[in-house]
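The values are calculated or read from the model by the stated rules, or taken from the named source; none is laboratory data. Computed from a prediction, not measured in an experiment: that's the story for all the values here. Here the Cβ positions follow ideal geometry from the backbone for every residue, glycine too, while neighbour counts run over all protein chains shown. Surface areas here come from the heavy atoms of the whole protein model, side chains and all, with no ligands, DNA or RNA. Shrake-Rupley method; radii C 1.70, N 1.55, O 1.52, S 1.80 Å.
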Amino acid sequence: MKRSSIKDIAKLAGVSVATVSYVLNRKEGQRISEETRKKIFEIAETINYTPNKIAKSLKTNKTKLLGLIVADISNDFYSHMARNLEDKALKLGYTLIIGSSDENAEKFERLTQLFSQQQVDGMIVAPVAGSEKTLENLIDIKYPVVTIDRYLKGVSVPGITIDNQEIAESTASLLLNKNFDKMIYVGYETDLPHLLDRQHGFEKAVSSSSKTIEIQYLLVGLENIVQEVHSKLESALGKTPENTALYFSSNKLAVAGLSYLVKNNIKVPEQVSVLAFDETDAYDLFPTEITYIQQPIEEMAEEAIKLLDGQITDYTATGKRITLSAKLVAKASLK
């Protein structure tokens with residue numbers, strides 16, 4: 001079946017192709033009667049006209065496509081972020097293409113290459129450890145790119161993040177003031193700055209406190225998280241803990257830790273209090289509502305799309321980073 005074109009509309013409406021183009025693209029400044037505009041739209045609808053986006057992109061040098069690379073699409077934080085970014089992008093006429101790097105630098109690089117081959121107008125990325133060179137290559141060719149949630153030291157690229165250190169420090173201080181006998185920080189063995197900021201914030205709160213309390217740090221790798229968290233908690237927590245607080249630096253770590261507590265019938269918050277970074281639907285399966293740090297996902301998405309659209313419209317070499325604030329959502333898991 002032959003695809004309808006603006007030439008077909010022009011012929012049926014008895015007007016020029018240029019007139020049809022002006023009307024369908026809703027351009028201002030042309031003296032075209034309301035009657036003619038209405039007629040063109042009615043004909044376009046009748047013959048099921050859809051714009052040829054490929055041809056349009058050749059004329060405008062824009063595809064209205066954006067690439068999004070998240071670290072792990074199975075993580076609720078990134079799936080919610082992707083949904084919000086998609087909604088915000090659509091309002092500006094962009095379509096979002098999504099890829100997941102799975103915390104792998106080689107896959108991250110391949111995705112940036114794939115997106116550039118598909119001629120996306122710009123990319124929003126959550127960089128992974130070891131992806132500095134990939135980002136620098138994009139900067140060198142002036143490819144519009146914005147980071148979200150994360151940043152890499154030494155790479156000057158615009159981005160959106162939260163003040164991880166500030167919220168970690170304030171929430172750790174909250175726990176310190178509750179007179180626990182022991183606090184356990186569960187985090188990652190990583191070089192990613194945003195995760196280190198969380199650990200540094202926790203450490204700063206501890207060093208600033210006058211409380212005498214046992215502090216332990218359990219750090220795990222990005223693979224075999226459940227097994228590592230269970231093993232380390234068994235050593236540090238045992239099976240009959242008392243008056244202890246667990247501080248998880250991500251929702252993935254928290255879910256692994258909560259499964260250990262369930263497995264060993266450890267009561268929350270009677271025996272152990274729990275606080276975690278980021279929410280997840282998995283918390284709903286736990287009998288006690290979990291206290292978590294909530295990132296402003298919708299605001300982060302809006303700022304990221306706005307920043308990237310500005311780079312696409314008028315590219316400037318900048319390392320501008322917008323830092324937003326997170327908040328604590330207190331639930332029953334803290335006594």
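Computed with a 1.4 Å probe over protein heavy atoms only, the accessible area of Asp102 comes to about 80 Å².
When DSSP beta bridges are restricted to pairs lying wholly in the chain, around 5% turn out antiparallel.
What per residue convex hull volume, in Å³, do the alpha-carbon atoms of the stretch 164-295 yield?
Working: hull volume 12.9 nm³, N = 132.
In the stretch 164-295, the Cα hull volume divided by residue count equals 97 Å³.
To the nearest ten degrees, helix 297-313 and the longest principal axis of the Cα atoms of the chain are 40 degrees apart. Under 19 Å from a label point 7 Å along Cα→Cβ of Asp284: give me every residue in the stretch 72-89 with its amide N that close. Hits in the stretch 72-89 for Asp284 at 19 Å: 74-84. Split the accessible area of the chain by element, probe 1.4 Å, and carbon with sulfur accounts for 48%.
Using a 1.4 angstrom probe, figure out how much accessible area the chain has per residue, in square angstrom, rounded to the nearest whole. Walk me through the numbers before you get to the answer.
Working: 17210 Å² over 335 residues.
Ligands and nucleic acids excluded, the figure is 51 Å² per residue.
Between Glu136 and Asp181, the simple spin-label model (points 7 angstrom out along Cα→Cβ) gives 5.2 nm.
Quick one: dipole size for the chain, taken about the Cα centre, charges +1 on Lys/Arg Cβ and -1 on Asp/Glu Cβ, in debye to the nearest 20. Mind showing how you got there, number by number?
Values: 40 positive and 44 negative charges, 321 e Å.
For the chain, the charge dipole is close to 1540 debye.
Note on Lys327 and Glu35: their simple-model spin labels are 5.7 nm apart, each label 7 Å out from Cα toward Cβ. Here the gap between Tyr315 and Gln216, fully extended at 0.36 nm per residue and compared with their Cα-Cα distance, gives a gain of 31.0 nm.
Can you give the extra length, in nm with one decimal, that the chain gains between Lys91 and Gln113 once fully stretched, where that is 0.36 nm per residue apart less the Cα-Cα distance?
Numbers: separation 22, 0.36 × 22 = 7.92 nm, distance 2.61 nm.
Length gained between Lys91 and Gln113: 5.3 nm.
Using every Cα-Cα pair within the stretch 109-203, state what percent have a distance larger than 15 Å. For the stretch 109-203, the fraction of Cα-Cα distances above 15 Å is 66 percent. Between helix 193-208 and the chain there is an angle of about 30 degrees, using the helix long axis and the longest principal axis of the Cα atoms. Exposure check, 1.4 Å probe, all protein chains in place: Arg321 carries approximately 110 Å² of accessible surface.
Of the peptides 322-335, 241-254, the order by per-residue mean of other Cβ atoms within 10 Å, starting with the highest, comes out as 241-254, 322-335.
Which of the three applies to the stretch 195-259, rounded, prolate or oblate, going by the alpha-carbon gyration tensor with a ≥ b ≥ c and a/c under 1.5 meaning rounded? It comes out oblate by the Cα gyration axes. Listed by chain and number, the lysines placed with their C-alpha closer than 27 angstrom to that of Lys38 are Lys2, Lys7, Lys11, Lys27, Lys53, Lys56, Lys59, Lys64, Lys91; residues fewer than eight positions away on the same chain are left out.
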